[in-house]
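The values are calculated or read from the model by the stated rules, or taken from the named source; none is laboratory data. None of the values given here were measured: they were computed from a predicted structure. When we count neighbours, we look across all protein chains shown, and the Cβ atoms used for this are built from the backbone with ideal geometry, even at glycine.
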Amino acid sequence: MASESDTAPDDTPGEVLNPIDMADGFAVPGFDAVARLAAHSLRVPVVSLVLATGSAYWFSDDARSPHSPQALHPLYLEAARHGETQVVPDTNADERFGGVPLLTDLRTASMRFFASEPVYTLSGQHVGALCVMDYAPRDGLSEKEHDDLRDAAELAGTGLVLGSYLGRTDPVTQLPHRNAFFEDLRARQRSGAHRAWLIAIDVAPVSRFNAFIRAMGHAYADELMRDVAARIQVWMPEHTHLYQVGIHRFAAVLPDSPHAVDGAQMDELVHRLRQPFDCLGIPLTIQPGVGLLNLEVGELDGGDPLRLVMSATHAAQDSVRGWSVYEPAHDEQHRQEFFLVTELAAALNDRTELELHYQPRVELASGRCVAVEALARWRHPTLGAIPPGRFIPLAEQAGLMRTLTEWVLDHAIAQLGAWQRAGLALKLSLNVSSSDLGSELVERLRSAARRHDVALDALELEFTESTLLEHSDTTREHLAAIRALGIGIAIDDFGTGYSNLASLRQMPATSLKIDQSFVRAMEASRHDGAIVRAMTELARELGFRVVVEGVETAQIYAAVCGMACDEVQGFHIARPMPAGELPGWLALRDAAVG
Ligand code: C2E
Ligand code: MG
Ligand code: MG
């Protein structure tokens, strides 16, 4: 008979672990049969499947041990988390046991023999170990027994995958899925519950989570999800199940409580999740959002409580407190954003609503336009023009940034090629967000430049300070690869981030664009003029080409002329314009400056 238990994911050596009871129903398909085969061919009374998450499934064909254990030796988790075969001929002769029994209360005499084989999913992901035990010590495993154990472990891995195909469990965390979550809710409804608190926990905004995956790889993200799940489970009230309802999202139904939500308890959860994770030896801080919804269980039919609670989660992610209770206003905002994101995804697909405008950058010394900055424009058929300040952050959140940037790069570089062939000596600057930064970006730039016959040193990428200050090695490598191609790097909106002036020296940039907020304020305040002057001098001293943005009036232009500034950009010189208008504007400009 097989049964399942869940251990607290604490693997302190030398201590026994207490399995926490879990409801039946999340079984691994076929585990019973696999375990029976293994028990038979290896002649062992007890077989278990222990997962890296701490869940354990038990099989015992022995009348002496009809129940799952109350406590497990840490050796199980060690076996489950390290992908190696282990054979312990006699636990009494092995110092790792030091008198601690392998299992307690399998209604057994102590187990003396232990062997385990790693379990992998079909895609080769290590997820746990299949363990066999015997009451008597043994010499080890024969070659045939080893083969049988390996076969059984392989079958167990297939069962795990099958379980997730059937929509029951997530293959990585082994937590029950969304389907099980709804089944559980419906069970409450049948049992006559009136209200229930739903909790949903997002690990990070989608764009940030995707950035983790890009920077660290899927194995890291998988491990992170397991670690986050483990932390939530330690916090969870007793007899509550955690479900994985999205790739980076968990949910649970909290125990019935007539009271309002316990704020201190939620603060505690957020506090725990905000502590850095030491994931595969690399520290990482996530950006959790915890959403709560007091659900009328009777009104479950037809509604989607997960969608509602997610809007609270979403709002919580940007809040200082990190948790929030559902309010209809959240949902309205969420719906609007959702609508815009869907529309943006469609616009990216058919591309007729998207356009690029180009804003001239003028060299102060000669007065000539030396470069243009490409700026994305979206004209929605019913909503009209939607400013980039609105849709760029949405694209970022919805994981659409890469597609948008690909379109911008291809389009703008093609346009630059056409202008250059028409005899216009121009450079091009492109805005890129940190989620774009990766090896594909470098490859895409290289191939677009080749395709449109544009020299790479005619291109410049504009990043914000925070991207350039990211200390990860991968970010640095990608930036170095961009520089190595001869592409310039600009620090956009300088002064709005949190970098200090000393950190400027470390930024791998070639030019620096002073943010328009300082520049535009110059007109009204002498202090702002002094700030812009000091920033330009420092930037030039550090070897950057200095660009002043937001030169809106003749007065600002005159003030900037006396500063350590190489280029200016702003409405006083020209507003961003469609590509077709640029050659005419350039001709007029050239005629004016002579
Ligand atoms: P940014 O890169 O700092 O671009 C300059 C913004 O300032 C543009 O706004 C431009 O129209 C505006 N601007 C230029 N001169 C003046 C001036 O004298 N006065 C005033 N008031 N504004 C001026 P826009 O086009 O609305 O873009 C806003 C931001 O959206 C951009 O700021 C950039 O961060 C982002 N963005 C635009 N297009 C793209 C894109 O293709 N990709 C990415 N990642 N971001 C983009
Ligand atoms: Mg820019
Ligand atoms: Mg800017």
Handout entry: Residue list for the stretch 206-221, restricted to those being modelled with pLDDT under 80 and either in contact with a helix residue (DSSP H, G or I) (Cβ under 7 Å, 6 or more places away or on another chain) or among the β-branched types (V, I, T) (or both)
Key = V206, S207, N210, A211, F212, I213, A215
Problem - Residue, nearest to ligand 1 (Cβ to nearest atom), within the stretch 505-531, restricted to residues that are in contact with a strand residue (DSSP E or B) (Cβ under 8 Å, 6 or more places away or on another chain) and farther than 13 Å from V568 by Cα - result: A509
Practice task
Any chance you could count how many residues in the stretch 376-391 are closer than 16 Å to F463 by Cα and crowded, with 19+ Cβ neighbours inside 10 Å?
Solution key: 1
Practice task
Take the stretch 300-324 and flag every residue that is touching a helix residue (DSSP H, G or I) at 6+ places or on another chain (Cβ under 6 Å) and farther than 20 Å from H248 by Cα.
Solution key: L300
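Just one of L409, L428, L461 is over 27 Å from T342 (Cα atoms), at pLDDT 95 or above and within 11 Å of ligand 1 (Cβ to nearest atom); which is it? Step through it out loud before you land on a result.
On the way: L409 fails: over 27 Å from T342 (Cα atoms); L428 fails: within 11 Å of ligand 1 (Cβ to nearest atom).
When all the criteria are applied, what remains is L461.
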Fill in the blank from the handout: Taking the stretch 155-182 and keeping residues touching a strand residue (DSSP E or B) at 6+ places or on another chain (Cβ under 7 Å), within 23 Å of P305 (Cβ to Cβ) and at pLDDT 75 or above leaves T169, D170, T173, L175, P176, H177, R178, A180, F181
Exercise for the section: Considering only the stretch 559-572, state which residues are buried (at least 17 other Cβ atoms within 10 Å of the Cβ) and part of a helix (DSSP H, G or I). Expected result: A559, V560
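Pick from L224, L185: which is over 19 Å from M310 (Cβ atoms), modelled with pLDDT of 75 or more and not in a strand (DSSP E or B)? Step through it out loud before you land on a result.
Values: L185 fails: over 19 Å from M310 (Cβ atoms).
Unique residue meeting the criteria: L224.
Listed residues R390, R368; which is in the same structural domain as D457 (by TED's automatic domain parsing) and closer than 30 Å to G488 by Cα?
Numbers: R390 fails: in the same structural domain as D457 (by TED's automatic domain parsing).
Testing whether each residue is in the same structural domain as D457 (by TED's automatic domain parsing) and closer than 30 Å to G488 by Cα leaves just R368.
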Practice task
Filter the stretch 344-378 down to the residues that are at pLDDT below 95 and in contact with a Ser or Thr (Cβ under 9 Å, 6 or more places away or on another chain), then identify the one that is nearest to G584 (Cα to Cα).
Solution key: L348
Practice task
Mind listing whichever residues of the stretch 104-119 are in contact with a helix residue (DSSP H, G or I) (Cβ under 6 Å, 6 or more places away or on another chain) and at pLDDT below 90?
Solution key: R112
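Matching residues to (1) modelled with pLDDT under 95; (2) of a type in the set (G, A, S); (3) more than 21 Å from L461 (Cβ to Cβ):
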site: I491; (1), (2), (3): yes, no, no
site: L504; (1), (2), (3): yes, no, no
site: P508; (1), (2), (3): yes, no, no
site: Q516; (1), (2), (3): yes, no, no
site: R526; (1), (2), (3): yes, no, yes
site: Y557; (1), (2), (3): no, no, yes
site: E567; (1), (2), (3): no, no, no
site: R575; (1), (2), (3): no, no, yes
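Please list, ordered by residue number, the strands (runs of 3 or more DSSP E) wholly in the stretch 435-551 having 1 or more residues that are of a type in the set (G, A, S) and in the same structural domain as A418 (by TED's automatic domain parsing). Quick ask: steps written out before the conclusion?
Numbers: elements: 459-464, 488-494, 511-514, 545-548.
So the answer is 488-494, 511-514.
Scan R545, R575, R540 and give me the residue that is away from ligand 3 (no atom under 16 Å from the Cβ), surrounded by fewer than 19 Cβ atoms within 10 Å (Cβ to Cβ) and charged (D, E, K, R). It would help to see each step written out before you state the result.
Working: R545 fails: away from ligand 3 (no atom under 16 Å from the Cβ); R575 fails: away from ligand 3 (no atom under 16 Å from the Cβ).
The unique qualifying residue is R540.
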Exercise for the section: State whether the residues of the stretch 355-370 include one that is touching a Lys or Arg at 6+ places or on another chain (Cβ under 8 Å) and among the hydroxyl-bearing types (S, T, Y). Expected result: no
Problem - Sole exception among (1) at pLDDT below 90; (2) within 28 Å of L306 (Cα to Cα) for V325, by number - result: (1)
